[in-house]
Each structure stands twice: as structure tokens, then as C-alpha cells.
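Here the structure comes first, spelled out in C-alpha cells, and everything after it is commentary.
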Amino acid sequence: MSASLATRRTVTLIVAAGALIGAAALPAVAHGSDLRAPRGPHSSIVIGDVQHDSRGRDNRALNREWVEVKNTGRQAVNLRGFTLTDRQGNRYRFAGLRLDGRSSVKVHTGQGRDTHRDVYQDRRHQIWDERDTATLRDDRGRVIDTETWGRRGSR
């Protein structure tokens with residue numbers, strides 16, 4: 001009987017140890033509205049294409065000026081609190097946009113109705129110059145990505 005009891009205890013310890021190791025190896029999963037981008041250089045949220053310095057002074061010209069924000073990952077990310085800024089300090093703050101995996105949103109300078117593919121800064125003047133830098137920060141102010149274009153050091 002004691003050999004059987006010892007065997008059962010050993011098996012129980014092995015199963016418990018395996019469960020602990022397995023639980024520690026599982027990745028964390030985001031649930032509900034608490035979807036967040038991975039932090040630091042491994043973020044799935046990046047700046048994609050940029051259309052800058054559109055010609056004209058009307059709202060159509062301002063809406064032809066945009067910066068694309070892409071989610072290169074598979075999981076959706078809530079962009080609430082993320083910001084997009086230019087070199088002069090103009091800032092756009094995302095208000096609770098859920099960006100699906102492998103999708104993008106264009107941040108237009110002018111005015112319009114926000115959708116899942118296009119959001120608008122509601123500005124009346126151009127922001128993105130022929131030489132500029134777009135900086136994307138997460139909801140804690142950490143730089144996620146930057147994109148610079150134009151000639152550096154030129155006047």
C-alpha cells in the first residue's frame with residue numbers, strides 16, 4: 001500500500017509541476033476594451049505612408065494631407081490616448097479607435113466624419129510640410145514610431 005501511495009504522490013507532483021510550467025509559458029491575452037499595443041521596438045503599431053504638403057486652401061486639399069497608422073499585428077489594438085505629432089508640436093490624440101489586426105487608419109488634416117479607416121484633425125491649415133517628422137506615441141507618451149521625410153539639413 002505504501003508503494004501505491006508514494007506512486008500517487010509522485011504522479012500528483014509531476015502533474016502539478018507540469019501545470020505550473022505550462023501556465024507560465026502561455027502568452028498573456030488582451031480582453032475586451034483593454035487592447036493595447038506591445039511596448040517599445042516590437043510594437044505592431046507603426047506609421048505607414050505619408051501624404052504631405054497638399055496644394056490648395058480648401059478642406060479637400062487639407063484632407064489630401066494625411067499620415068497612415070498601421071497595425072501590422074494580428075490582434076486589434078485600442079488607440080485611445082495615442083498621439084501623432086509633427087516637428088512643430090501640432091498634436092492629434094486618438095479617442096478610442098479600435099484598430100483591427102492587419103489594418104490601417106489615415107489621419108487627415110482637415111475636417112470630416114471619423115470612420116474606422118479615416119479620422120480627421122479638424123484643422124484649417126496644413127500641418128505636414130515637405131520636410132517634417134511624424135511621431136507616434138502610445139497612451140503613456142512613449143515613442144512607438146517616427147517617420148521623417150524631405151531633405152535633412154536643407155534650408
Probe 1.4 Å, all chains present, heavy atoms only: His125 accessible area in Å², nearest 10, is 140
At a probe radius of 1.4 Å, what is the per-residue accessible area of Arg80, in Å² to the nearest 10? 150
Quick check on segment 100-155: take the gyration tensor over C-alpha atoms, sort the square-rooted eigenvalues as a ≥ b ≥ c, and tell me if it's rounded (a/c under 1.5), prolate or oblate. oblate
So how much accessible area does Asp100 have, in Å² to the nearest 10, using a 1.4 Å probe? 70
Normalising by the residue count of segment 44-155, find the relative contact order in percent from Cα pairs under 8 Å and 6+ residues apart. 27
How long are the three semi-axes of the equivalent ellipsoid of segment 50-113, in whole Å, if each is the root of 5 times an eigenvalue of the C-alpha gyration tensor, listed from largest down? 23, 13, 11
Just to be sure I understand the model, the point goes 7 Å from the Cα along the line to the Cβ. What's the resulting Gln111 to Arg55 distance in nm? 2.5
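The values are calculated or read from the model by the stated rules, or taken from the named source; none is laboratory data. A quick note: this is a predicted structure, and the numbers were derived from the prediction, not measured. All Cβ positions, even for glycine, are placed from backbone atoms using ideal geometry, and neighbour counts span all protein chains on display. Areas reflect the complete protein model, heavy atoms only, side chains present, ligands, DNA and RNA absent. Shrake-Rupley method; radii C 1.70, N 1.55, O 1.52, S 1.80 Å.
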